[in-house]
Amino acid sequence: MDSGLVGAGKQLLHVDVYIDEHQPSRGILALLSRLRPNWKAQDIQMKTFTEGITNQLIGCYVGSLLEPGCVLVRLYGKMTELYVNRDHEVEMFQILHAHRCGPEIYCSFQNGICYEFVRGTVLDDKLLRQPSIYRLIAAEMGKIHSIQPKSGRPVEPVLWTKMSHFLKLVQSSVSSSPAGQWYISSSADLQKLPSFKTLSQEMESLKRHLSQIDSPTVLCHNDLLTKNIIYNEKEGMVKFIDYEYADYNYQAFDIGNHFNEFAGVNDVNYNLYPSWELQRDWLMAYLESYKHSTGREVTVTEAEVTQLYIQVCKFSLASNFLWGLWAILQSRFSSIDFDFQRYATARLNYYFEKKEEYFGLAVN
């Protein structure tokens, strides 16, 4: 067992243990003997959470999952190191915890991390639409977006770097057919996707259009789907979890990305995308929180809401495009039982469906 330095400037405990994803209990017990030495092995209970589609997540506890001290063990998904910077993820954990916006991270191990269990209910798609809850989500996002970079250093939005990286990985993970279409080579049920040339051109088109929009660069979660939101009804609060993609990015991207998640994951249905009325109310709650957290006058005008709404529509395109690329990669590498191919098609189809409409919206 040794300690490793991470970017946030604090030492994080590193336990030199590898956990087998197919038979995790032995490795987890070895890990907990270091992390929770007062727990007796025969008393430790484990619960596997099935919501995630990237990593395996196992809750470990003695007595009850709701008691303090419960440990979440996350095993990194297969080949995720290709597109997730794990040192950066640890730094995000530490920054968000320091600002009371996230759980404490306890340690890293060879193929994962352990962190504090956030008590509450994992949101479902229906709760996401309840005004009392979505206003909490909007306010929490406003609070996180107000967290300033360390030492005031200038930051660049991560979007184009991440998207370019995903595109390069897609290029190396798919094979071309004689007809010039691109297919996911690992799938028995070959499904057509846009050609690599089309994907490259679309990325450049997106970059040209969105780079002209004056959306602030803020600390973003970048992956706020329902399963990454914990609702504590008793305390009347929400917390965001899982910071694999957290980084400085365009404000409107984080919001547009969240609105896309209203369509769901297992069975994507864009008829569930939030209405203008819901978005207006959500954005009002967000702007009040964001202004309050950044020490500004809290009054929000209709013009401000409308301007942010248009920016969010445009950046929601980038969200669909990015996760479409991501799903192509996951279909190639992931061992999780999920139809990534169908998910990639749903996200990219909606991108092409809305592109002309959203590009045509005028920004003040």
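Miscellaneous remarks
- Residue under evaluation LYS314, criteria (1) open to solvent by less than 40 Å² (accessible area, probe 1.4 Å); (2) of a type in the set (D, E, K, R); (3) closer than 21 Å to GLY77 by Cβ; (4) part of a helix (DSSP H, G or I), criterion not met: (3)
- Residue ID - farthest from the chain's Cα centre (by Cα), chosen from residues in region 53-76 that are farther than 29 Å from LEU322 by Cβ and not in a loop (DSSP other than H, G, I, E, B): TYR61
- Matching residues in region 247-283 - criterion: being surrounded by fewer than 17 Cβ atoms within 10 Å (Cβ to Cβ) and under 23 Å from LEU219 (Cα atoms): ARG280
- Among the residues examined, ASN55 qualifies as within 10 Å of ARG74 (Cα to Cα) and out of contact with any Pro (no Cβ under 9 Å at 6 or more places or on another chain).
Rundown of residues vs (1) free of Cβ contacts under 8 Å to residues at least 60 places away in the same chain; (2) open to solvent by less than 10 Å² (accessible area, probe 1.4 Å); (3) part of a helix (DSSP H, G or I), yes/no style:
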position: LYS78; (1), (2), (3): no, no, no
position: GLU81; (1), (2), (3): yes, no, yes
position: GLU91; (1), (2), (3): no, no, yes
position: PRO103; (1), (2), (3): no, yes, no
position: TYR115; (1), (2), (3): yes, yes, no
position: LEU136; (1), (2), (3): no, no, yes
position: GLU140; (1), (2), (3): no, no, yes
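- Residues being over 20 Å from GLN330 (Cβ atoms) and touching an Asp or Glu at 6+ places or on another chain (Cβ under 8 Å) - total across region 247-269: 2
- Selection within region 156-176 - modelled with pLDDT under 90 and open to solvent by 30 Å² or more (accessible area, probe 1.4 Å): GLN171, SER172, SER175, SER176
- Test result for VAL300, over 30 Å from THR198 (Cβ atoms), open to solvent by less than 60 Å² (accessible area, probe 1.4 Å) and either aliphatic (A, V, I, L, M) or free of Cβ contacts under 8 Å to residues at least 60 places away in the same chain (or both): yes
The values are calculated or read from the model by the stated rules, or taken from the named source; none is laboratory data. Note that the coordinates shown come from a computational prediction; the quantities given were computed from them, not determined experimentally. When we count neighbours, we look across all protein chains shown, and the Cβ atoms used for this are built from the backbone with ideal geometry, even at glycine. We work out accessible area using only protein heavy atoms, side chains counted, and drop any ligands, DNA or RNA first. Shrake-Rupley method; radii C 1.70, N 1.55, O 1.52, S 1.80 Å.
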